[in-house]
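Below: one structure, written as structure tokens.
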Amino acid sequence: MAESKKPRSSKSSKSRAERGAEVAEQNTTKGGSFHASPEAKSTALKLRIVAMVLWIVAIGLEIFTIVWALLPDKPVNTWLIIGLIIGIAVLTLGGSLLWKKANRYDPASEKDKVRFFVQNQLGVIMTILAFLPLIVLIFLDKNMDGKQKGILGTVAIAVAVLVGVFSFDKDAPSVEQYSVETNVVKELTGEDKVFWTKNGSAFHVCAEVPDLSRSKDIQNGTVTAAHEAGIPRLTKKWVSEATKNCGYTTADVDRVLGNVDDVSRTLDEGQVIEQSGELEVAPEVIDEEPTPAPNETAPNETAPATTTPATRTPATSAR
């Protein structure tokens, strides 16, 4: 693969460490590194503030439950405790969902492993803080009999696990993911534009793919907009979709495979092979490319093609 050109040296008084950090950031992926827009950062900040408020109220409700209902030497009201547990769960889960949405607008970088983990799984951490002390004190409470402890302990554990599962981000976004996906799309199509459906599991490089064919509400926008809409990733079938459904050639795809760094994170293994250290479209994908029907225009005729409009002429990426 071609090497990225090094940025021109700056005449500013920045330290060598600062300049080195800038170079590393600029060379995250060939074609550029993702940076959240000011609007996206502002939206993410607002969502995170609301999430934090909900989490603080949830922990406050947990403390109230412990101090007012469990610690005093008096009979414990089972239904009251269950109601308080459900209240804690609603507040905690609400904060976690808002936090996960904020991460779609302003993701963390995988380079900082600790921050990446904490930022994306903070909902799980807050769930543990909101429930673990309560669960421990339920089982240690001297004012309840074994049956009451069993009921409340089981309810608290079940609710905590449920909230934790929904708080866990299995498709945690990252700066690197956004960068690679954006560069793949730009290198292939010449613009940062993808297509998806509401509640879809992936976005696509054109609207003519089979996964979108039955939908009456196909949405489009930038890679970042797709993530903000809750779509977790670029489809790993983009290589075969590009050649079979979107009107691009294997040469177009090969150019993407050679020019976008870390492109393998977007690929389905069966679509590409490695030849002499370079990724290429697999022969099976080439064989699957549709052949023109007898009544279709042959490739060497002068009639305009129907699947490759001029606006899709691939742009060469700036280096």
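The values are calculated or read from the model by the stated rules, or taken from the named source; none is laboratory data. Please read these numbers as outputs of a predicted model, since none were measured by experiment. Positions of Cβ are generated from backbone atoms using ideal geometry, with glycine treated the same way; all protein chains shown enter the neighbour counts. Side chains are part of the model used for accessible areas, which takes the heavy atoms of the whole protein and leaves out ligands, DNA and RNA. Shrake-Rupley method; radii C 1.70, N 1.55, O 1.52, S 1.80 Å.
Applying 1/(1 + (r/R0)^6) with r as the Cβ-Cβ distance of GLU274 and VAL50 and R0 = 45 angstrom yields a FRET efficiency of 0.45. Lys/Arg Cβ at +1, Asp/Glu Cβ at -1, dipole of the range 58-166 taken about the Cα centre: which of PRO75, ILE135, VAL124 is farthest positive-ward? Working it through, the farthest residue towards the positive pole turns out to be VAL124.
Rolling a 1.4 Å probe across the protein heavy atoms gives the range 154-225 an accessible surface of 45 Å² per residue. Between LEU234 and PHE203, the built amide H atoms are under 5 Å apart, and every one of these is 5 or more places off in sequence or on another chain. Within the range 148-199, the trypsin sites (Lys or Arg not before Pro) that combine a DSSP coil assignment with at most 10 other C-beta atoms in a 10 angstrom radius are LYS170. Evaluated over the range 88-236, the count of Lys pairs having alpha-carbon atoms less than 19 Å apart is 13 (only pairs 8 or more residues apart or interchain).
Fully extending the segment from ALA158 to LYS142, taken as 0.36 nm per residue of separation minus the present Cα-Cα distance, adds 3.5 nm. The gain in end-to-end length when the ASP217 to VAL57 segment is fully stretched comes to 53.7 nm, 0.36 nm per residue minus the alpha carbon separation. Our coupling estimate for the range 251-261, obtained by passing each phi through the Karplus curve with A = 6.51, B = -1.76, C = 1.60 and θ = phi - 60°, is 5, 4, 5, 4, 5, 4, 4, x, 9, 9, 5 Hz, Gly and Pro reported as x.
Computed over all pairs of different Cα atoms, the Kirkwood value for the hydrodynamic radius of the range 43-154 is 15.2 Å.
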